[in-house]
Structures are given as C-alpha cells and as structure tokens.
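Undergrad: Just dropping this structure here.
The values are calculated or read from the model by the stated rules, or taken from the named source; none is laboratory data. Computed from a predicted structure; not experimentally measured. No Cβ is skipped: glycine too gets one built from the backbone with ideal geometry, and neighbour counts run over all protein chains shown. Accessible surface is based on the protein model in full, side chains and every heavy atom, while ligands, DNA and RNA are left aside. Shrake-Rupley method; radii C 1.70, N 1.55, O 1.52, S 1.80 Å.
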Amino acid sequence: MNITRENIDELNAVVKVEIKKDDYQPKVEKILKDYRKSANIPGFRKGHVPMGLVKKQYGKAVLVDEVNKLLQESLNNYLNEEKLEVLGNPLPKAQDNFDWDKEDYAFEFELGLAPKFDVNLNTKNKVTHYKIVANEEMIDNQVKTIQKQYGKLVSKNEVEEGDLVAGTFKSKDGEIENTTTLPVEKVKGKRNTAKFIGAKVGDQLSLKSKNLFENTEDLTEFLGVDAETAEDLDVELSFEITEVNKQEPAELDQELFDKLFGKDQVKSVTELKEKIKEDAENQFEQQSDQQLLNDVTEKLIEETKFELPGEFLQKWIMTSGEKELSAEEAKEEYEKSEKGIRFQLIEAKIINDNDLKVELEEIKDLTKDRIKMQMAQFGQMNPSDKDLEDITARVLANQDEVKKLSEQVLNKKLLDTYKEKANLEEKELSYEDFVKEVYN
C-alpha cells in the first residue's frame, strides 16, 4: 500500500491511496473460506460447496467491503500520523469507469486543511466587562417581596387596595361560572377598580369582560375559559364576593431570618440586606460572565483574520447531511455556518495555546457543588460525604451529563483565561441599566 499527498495550496490537498492485491487478498480469502464452511447452497452438503461457486456468489461483495474497510482505516491512520488538521471529512474524487475486476486500485481524496493562524487575546479594541451591582432600590424591593411571600392573610369585610378578593364570576348567558381569587391590582381601569374598592362580602358586582383585565391570560385564569374564547370575549358578568383578605407582610425578625437562611446565619435587617445583595450579585456575575464570553467571542472573530477552504467546505456540506443539497443550498448553508466554524478554530487554538484541560476531579467537584445547591433549596444544608459521592456517581454514569459538565468546566477555564489576558475594560452598573445596554 502506498499513500501520497499533493498540496494544492495551504488550505487544500489531495491524498492518493494505492491498494495492491497483497494488501487485501489474505483477508478476502479467509472470509470466503469461512463462508464456504457455513454456506447453505442447494445441491451441496454444508461445508462442501466448491470454492469457485462461493467466489462467484460472494467474491465481489467481500472484495469491495474489505477494500473499503482497508481504505478507511489506512486513510485515518495516515491523517493521524501526519498530524493533519482537516475540516469536514475527506471527499472521494469521482472516477469514471472504475473497474473492480482489476487487482490493484487507486483512490483519491480531497482534503480541506485547517488554516495556520495566531490568536491575540489582547485585542486592539477593548471588551467591556460588566460588573452588575444590586442597588438600594432593588434590595428594598426584594425585602418587600420576601415579606409578602412569607406574610399572612387576615380576613376582613370590606375591599381596599392591595386586597385579595375571592368570589364567583358568572355570565348572564350562563356559559361562564368560575370561582376564583384575584388580587385587586389585577383589575384594569379606574372604573372597574372603583366597583371593587369599598365593596363588602356578599355584594354582587356588575362587570363586563372587555377591558376587565390587562391581558387574555388573566381572563383565562380568572374566568375559567380557554385562550381562544378569551381572545375576543365581550360579555356581561356578575361577581359575587365571598371572602376578602389582606396580606399582612411578615415581620423582619429572627424567625423569618432562620426560615430563609438557616439558624442564626442572619441576625439583623442589615445582614439580611447584605445577604440579598451578595446572592443577587452572585447571580448577576453569571450573566456578566456569559456576556463577557459572547463579547470576547465576537471581538476575536472580528480581529483574528484567516482564510478557510470555502469551496471544499461547500462541496462537503452538499453531501454530509441526510439529504444531498444543491450547490446554491450548500453555499447558503456555508455562509450561515462560517462564523461558527471560525470560532471553533479560534477556540481550539486558545485551548491548545493555554494548555486548557478538563480533569475528571474537576467534573466531580462541579457536580457536587450543583448537588449541594439543589439540596439546599429543599432545606438539606449539610449532606454527608457518602450521599454526595453516591449521587455524583449516579449523575456521572450518564455520558450526556458528563459531556455537558465537561463543557461547563472548559467554559469556566476559557472565561478565566479571558479575564486574565484579554483587553478588558470594567464597567459597573445596575442590573436595570445592564439590561438596557446589553439587550436594548
């Protein structure tokens, strides 16, 4: 067997694989002998079929199969030994009037070669690294939300703003009858709200479905109708009040602090606000980090220049999917994917240049951290080492999960590399301003 390569240019090459009879014949003969032992051909006892008949019936198929296996194996070995970085897969060159009756064969493959380039993380233009802070307004609003969430309902007789009103909606045509509880602030418009404010238990209010609530989702929920009915609903309604409750906010005391964070972890309103700020900013950091990854990616694609074997890749795209594409469709698909291809190459270069590797222990540590966070949400603050090890082992038995966690560890290493080496400019702002600036 002989394999040679002709470099067309820096990005394209043709590999020629020459296979001689001696390369495949021993394997073909062995397979045909095995076939002879088990062949069941009418007129002959099993194991006594003439070899000539076996070759006539099975020889060509076995030959083609073994040559193709040998071809694929030798081509893969050659690419690995030569350390050739190829894009896509080798494409076989068409041969007119290929003759399997010959004893020696020659095959040619087109290769698209990965470009050689350098990546400069210290980009010409700075990348904004957002530091998102929780401001006083956000923290105070979160305190109020906690108080409301853990507050208690106090029964009363007359409706005021902020109350929860229970009752039954009925339509005059009898098509709607639904018992529900709604917050007064869900009612839309001053005229409708005025009918609720001051009303008492037992009162029956006359209303219209049109413009009663802000959206069709509320109509669906409070009237008990489907979305299609709610879309253009315009009927007269009655609402009989059966119960009025005021939600009193929870006291900011030690009992509430212990319920939220565990015994004696927080001991004052000041510490509560500090904890809320810390937790919020930890969550904001995840969003900031993701945005940094996105922005550095865009900047590197913009500033790292190299050519791709575009013509080869379009030809490869034409035949690589389940359905063969036309030249025009392949070109369109290539243009859509070119940016992604470029960053895959850039990212691989960064990983290689900075020797970024994912170790099994790092995947285990990340898994344990995730498990502890999930258990803490259900009040299990201190799981045993054995429980953690057992759950981690079950999670890592799933190869899809291992792959996902491995990507997350690698992304974290890429992020740390960017923070250390990229040309960053820190910008501190509130979450509200971050959303406005980044997501418009």
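Undergrad: With an 8 Å Cα cut-off and a minimum separation of 6 or more residues, compute the relative contact order for the chain in percent.
TA: Details: 563 pairs, mean separation 81.6, N = 440.
It comes to 19 percent, rounded to a whole number.
Undergrad: What are the ³J(HN,Hα) couplings of the stretch 18-23, residue after residue, when phi is run through the Karplus curve with 6.51, -1.76, 1.60 and θ = phi - 60°? Round to Hz, x for glycine and proline.
TA: After applying 6.51 cos²θ - 1.76 cosθ + 1.60, I find 9, 10, 9, 4, 5, 6 Hz.
Undergrad: Let me ask something else about it. Placing +1 on the Cβ of each Lys and Arg and -1 on the Cβ of each Asp and Glu in the chain, which of 414, 276, 352 has its Cα farthest towards the positive end of the resulting dipole?
TA: Value computed over the given set: 352.
Undergrad: Then there is this: Given a 10 angstrom Cα cut-off, can you work out which residue in 221, 271, 298 is the most mobile in a GNM of the chain?
TA: It is 221.
Undergrad: Quick one: compute the contact order of the stretch 263-352, relative version, from alpha carbon pairs under 8 angstrom and 6+ residues apart, as a percent.
TA: 23 percent
Undergrad: Quick one: which residues, 5 or more positions from residue 49 or on another chain, have an amide H under 5 Å from its amide H? H modelled 1.01 Å from N in the peptide plane, none for Pro or chain starts.
TA: none
Undergrad: Computing the accessible area with a 1.4 Å probe over protein heavy atoms, can you report the carbon and sulfur percentage for the chain?
TA: Working: 12520 of 28270 Å².
That fraction is 44 percent.
Undergrad: While we're looking at this one, here's another question. Per residue, how much accessible area does the chain have with a 1.4 Å probe, in Å²? Can you show the working numbers first?
TA: Details: 28270 Å² over 440 residues.
On a per-residue basis, the chain sits at 64 Å².
Undergrad: Let me ask something else about it. For residue 176, which sequence-distant residues (separation of 5 or more, or a different chain) have an amide H within less than 5 Å of its own amide H, given hydrogens modelled in the peptide plane?
TA: Under 5 Å from the amide H of residue 176 lie the amide H atoms of 171, each far enough along the sequence or on another chain.
Undergrad: Same structure, new question: How large is the convex hull of the C-alpha atoms of the stretch 42-98 per residue, in Å³?
TA: Working: hull volume 8.2 nm³, N = 57.
So the per-residue hull volume is 143 Å³.
Undergrad: Per 10 Å bin, what is the whole-percent P(r) computed from every C-alpha pair distance within the stretch 70-197?
TA: Whole-percent P(r) values from 0 Å outward: 8, 17, 13, 8, 7, 8, 13, 16, 8, 2.
Undergrad: So what is the calculated 222 nm ellipticity per residue for the chain, using -39500 (n - 2.57) for each DSSP H run with n of 4 or more, over all residues, to the nearest 500 deg cm²/dmol? Can you show the working numbers first?
TA: Details: 14 runs with 226 residues, N = 440.
Dividing the helical sum by the residues of the chain leaves -17000 deg cm²/dmol.
Undergrad: Also, I was wondering about something else. Quick one: how many Å² of residue 333 are accessible to a 1.4 Å probe, rounded to 10?
TA: 80 Å²
Undergrad: Relative to the Cα centre, what is the charge dipole magnitude of the stretch 247-377, using +1 at the beta carbon of each Lys and Arg, -1 at the beta carbon of each Asp and Glu, and rounding to the nearest 20 debye?
TA: Numbers: 20 positive and 35 negative charges, 52 e Å.
The dipole of the stretch 247-377 has a size of about 240 debye.
Undergrad: Okay, next question. Dividing the alpha-carbon Rg of the stretch 111-163 by 2.2 N^0.38 Å yields what? Each step should come with its number before you reach the end.
TA: Working: Rg = 27.2 Å, N = 53, 2.2 N^0.38 = 9.9 Å.
The reported ratio for this selection is 2.74.
Undergrad: Whole angstrom only: what separates the Cα centroid of the stretch 339-376 from the Cα centroid of the stretch 295-317?
TA: 23 Å
Undergrad: Tell me, what is the 1.4 Å probe accessible area of residue 320, in Å² to the nearest 10?
TA: Surface accessible to solvent at residue 320 totals approximately 60 Å².
Undergrad: With a cut-off of at most 14 other beta carbons within 10 Å, and DSSP calling the residue loop, which GluC sites (Glu not before Pro) in the stretch 138-169 qualify? Please list them.
TA: 160, 161
Undergrad: To the nearest 10 degrees, how steep is helix 360-377 against the longest Cα principal axis of the chain, on a 0 to 90 scale?
TA: The helix 360-377 is inclined about 20 degrees to the chain.
Undergrad: Residue separation times 0.36 nm, minus the C-alpha to C-alpha distance between residue 173 and residue 378: what's the value?
TA: On the way: separation 205, 0.36 × 205 = 73.80 nm, distance 4.73 nm.
Fully extending the segment from residue 173 to residue 378 adds 69.1 nm.
Undergrad: Now for a separate question. Run the numbers on the stretch 65-171 and let me know its relative contact order in percent, using alpha-carbon pairs under 8 Å that are six or more apart. Provide the component values of the computation, followed by the final result.
TA: On the way: 31 pairs, mean separation 20.7, N = 107.
Reported relative contact order: 19 percent.
Undergrad: Sticking with this one: Take the residue pairs 277/413; 126/372; 259/413; 263/368; 156/188 and return only those whose Cα atoms are more than 28 Å apart. Please report the intermediate quantities before stating the final value.
TA: On the way: 277/413 26 Å; 126/372 37 Å; 259/413 36 Å; 263/368 23 Å; 156/188 23 Å.
In this structure, 126/372; 259/413 lie more than 28 Å apart at Cα.
Undergrad: Which residue, 109, 213, 312, tops the fluctuation ranking in a GNM of the chain built on C-alpha contacts under 10 Å?
TA: 213
Undergrad: Whole angstrom only: what separates the Cα centroid of the stretch 10-28 from the Cα centroid of the stretch 37-112?
TA: Distance between centres, Cα-based: 10 Å.
Undergrad: Residue by residue through the stretch 31-39, which ³J(HN,Hα) values in whole Hz follow from phi under the Karplus form 6.51 cos²θ - 1.76 cosθ + 1.60 (θ = phi - 60°), with glycine and proline marked x?
TA: 5, 5, 5, 5, 4, 4, 5, 10, 5
Undergrad: Cα centroid distance between the stretch 377-440 and the stretch 173-217, in Å?
TA: Rounded to whole Å, the Cα centres lie 45 Å apart.
Undergrad: What residues have an amide H closer than 5 Å to that of residue 85, excluding those fewer than 5 places away on the same chain, when H is modeled at 1.01 Å from N in the peptide plane?
TA: 114
Undergrad: At 1.4 Å probe size, with no ligands or nucleic acids counted, give the accessible surface of residue 100 in Å², nearest ten.
TA: Solvent-accessible area, nearest 10 Å²: 60 Å².
Undergrad: Only Lys, Arg, Asp and Glu count, each charged at its Cβ (+1, +1, -1, -1), so figure out the dipole size of the chain about its Cα centre, rounded to 20 debye. Numbers along the way, then the final one.
TA: Details: 67 positive and 96 negative charges, 378 e Å.
My answer is approximately 1820 debye.
Undergrad: Among 123, 179, 145, which one shows the biggest mean-square fluctuation in a GNM of the chain, springs joining Cα atoms closer than 10 Å?
TA: Sorting by GNM fluctuation, first place goes to 179.
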